[in-house]
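Read the structure below first, then the notes.
Values in this text are rule-based calculations from the coordinates and carry no lab data. Here the structure is a predicted model, which is why all the values come from computation and not from measurement. All Cβ positions, even for glycine, are placed from backbone atoms using ideal geometry, and neighbour counts span all protein chains on display.
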């Protein structure tokens, strides 16, 4: 069984879509691009043993997922990036590096998980690259999206005085949410349609780390209010000594969206929320730096969160 | 030294480009898309030990390349896919899985090689994903391109009677060309501007294998004429017992383009070649199947070439 048999298997399962002029199986895919919209592109690589563990080979391992869940997640993390720009996901290409033994069955499970997620977000899987090797499983997804007529929301536009809002509770994602989260694509579009989002980011590295990115790109400071940060039940259930707040600030992979809006737009959103679950967690400052306000005190907040170390 | 320091290093080296509204360092890149052109998307994953060997860690290993050469190649194989559609490359996103030790220096070398290639083809590197792990080096590139006003050339449009032409000599690529080939982007654009290309493919798996893809997708047979196939000097220098013709038919990674045109257009191209090196190697047939004509005999041609086996 070679890669081409697998590509045939894929093609039989690829629904046609009007904007996909040519799908899997050629040198490139061809997409019709609507005039007047910009093109968003993002990519994420998931590496076995570093970014995920397979439940099939590591049963009982903390946070391990089935191949289907990992496939779902590989697309979902990219959808979350498109959500962070308030864009519309359109088409993905997928590369896999498969272990030689059991690779075909793994590939099918990964694809089926991915297709679940793709179908839920009207995203076509238009091509890819299938490899086998002696190393662990590697999955790479690159995802294309379109901007709405309101344009993309970057990390850059937050202004002093802006209110910071998050779309859901945070912390303890490793207990399950990191595998079955819903990328906030629809939520971001609804918010961007209701008001002018100045800046946004999805929480992948951790609230403190991601808010630090937003602060740095926007060139303004940020203060978070400890008492306001919505804490997930999972953060309280974590079996270690860190507090639920520390988990909410430091844990990654919640894939909620944090965004900055003017005080007037914040008031509009809180008065008539276009989506449930919005919580004000802080504001942007003229002075640079990242701060946590707790028990009436303002303390420097280190940008906790996961970083890939390079030597 | 973390991934973000590397991203800063990248950003300092990223030239601005008019069509890149937002480059590396945000949740996605944002590209201005010209109206009226379709979007091409392709992706390729290079895995250490399977797709390449690093000369740094395997000195003297056949076909091994430096990190810079591997970076160059990782982009070049994608550029070749865009060339096979007669498209214009525009923007790439790059993911890497780096070994923990020496990963930063590897990442820089890979990027510098890639940038050489990107600059030569006016392609922006607009984003990516930097990871470290305990496995071997993995590089994934996804490349976006635009169609010209003549549209994309797929593998599907060859017709019985069409003439098959190749852009250069074949075989023995492992002796060096696989690392320093020039993707036939300009050549394909010049050909597509001169005549109507019915179908095209780049030779990555091997002439026989890739012509088999073209034959299958177009639903027509193909006969290659052994005496006409241009054989590279490297194919004659290969230190094994296979003949130069076998190398030209079976070796992969020459990254020349094979294309099908009407007999009238073939005559036009041969009379006033828009690019040098064009050679007629066969023609398309009404009956399906892949054939080799040699010494006046027509024999079935197996689709030799590299296939990733999946168990």
Item to complete: Mind checking B:135-148 for the average number of partner chain beta-carbons within 10 Å of each residue's beta-carbon?
Response: 6
Item to complete: Sort shortest first the distances from residue A:19 to its counterpart in every other copy, using label points 7 Å along the Cα-to-beta-carbon line, and give them in nm.
Response: 1.8
Worksheet item: By average Cβ neighbour count within 10 Å, what is the ranking of B:237-243, A:235-241 from highest down?
Response: A:235-241, B:237-243
Item to complete: Just need the relative contact order of chain A here, percent rounded to a whole number, with Cα pairs under 8 Å and 6+ apart.
Response: 21 percent
Response to the item:
tail above 11 Å in the computed P(r) of the stretch B:63-113, as % of all Cα-Cα pairs, reads 71 percent
Worksheet item: Relative contact order (percent) for the stretch B:3-146, with alpha-carbon contacts under 8 angstrom and 6 or more residues of separation?
Response: 33 percent
Fill in: Tilt relative to chain B, helix B:103-120 - C-alpha long axis, 0 to 90 degrees, to 10
50 degrees
Worksheet, complete the sentence: Counting only DSSP beta bridges with both partners in the protein assembly as shown, the antiparallel fraction in percent, to the nearest 5, comes to 75 percent
Worksheet item: Average partner chain C-beta neighbours within 10 Å, per residue of B:188-200?
Response: 0
Worksheet entry | Peptides A:205-217, B:18-30 ordered by average Cβ neighbours within 10 Å, highest first | A:205-217, B:18-30
Response to the item:
Restricted to the stretch A:163-300, the DSSP antiparallel beta bridge percent, nearest 5, is 80 percent
Worksheet item: Between copies, how far does the label point of residue B:270 sit from its twins, in nm, shortest first, when each point is 7 Å from Cα along Cα→Cβ?
Response: 7.9
Response to the item:
Here the Kirkwood hydrodynamic radius of the protein assembly as shown, Cα-based and in Å, equals 25.3 Å
Fill in: Shape call, the stretch A:4-96: gyration tensor on alpha carbons, a/c limit 1.5
oblate
Discussion item. For chain B, take the longest principal axis of its alpha carbons; what is the angle in degrees between that and the long axis of helix B:67-84, to the nearest 10 within 0 to 90?
Written reply: 50 degrees
Fill in: Max mean-square fluctuation residue, GNM over chain A, Cα-Cα springs under 10 Å, options A:257, A:82, A:275
A:275
Worksheet, complete the sentence: So, in nm and shortest first, the distances from residue A:190 to its counterparts in the other copies, with label points 7 Å along Cα→Cβ, work out as 5.6
Worksheet item: Which angle from 0 to 90°, rounded to the nearest 10, does the C-alpha axis of helix B:207-218 make with the longest principal axis of chain B?
Response: 80 degrees
Fill in: Sorted peptide list for B:276-287, B:53-64, A:91-102, criterion being average Cβ within 10 angstrom, highest first
A:91-102, B:276-287, B:53-64
Fill in: the stretch B:112-157-the stretch A:189-242 distance, computed between alpha-carbon centres (Å)
32 Å
Discussion item. Let me confirm one metric for peptide A:152-165, namely the mean number of other chain beta-carbon atoms within 10 Å of its residues' beta-carbons.
Written reply: 2
Practice prompt. Rounded, prolate or oblate: pick one for the stretch B:163-300, where a ≥ b ≥ c are the square roots of the eigenvalues of its C-alpha gyration tensor, a/c under 1.5 means rounded, and failing that, prolate if a/b is larger than b/c, else oblate.
Written response: oblate
Practice prompt. Any chance you could list the semi-axes, whole Å, largest first, of the equivalent ellipsoid that the Cα gyration tensor gives for chain A, using √(5λ)?
Written response: 35, 24, 15
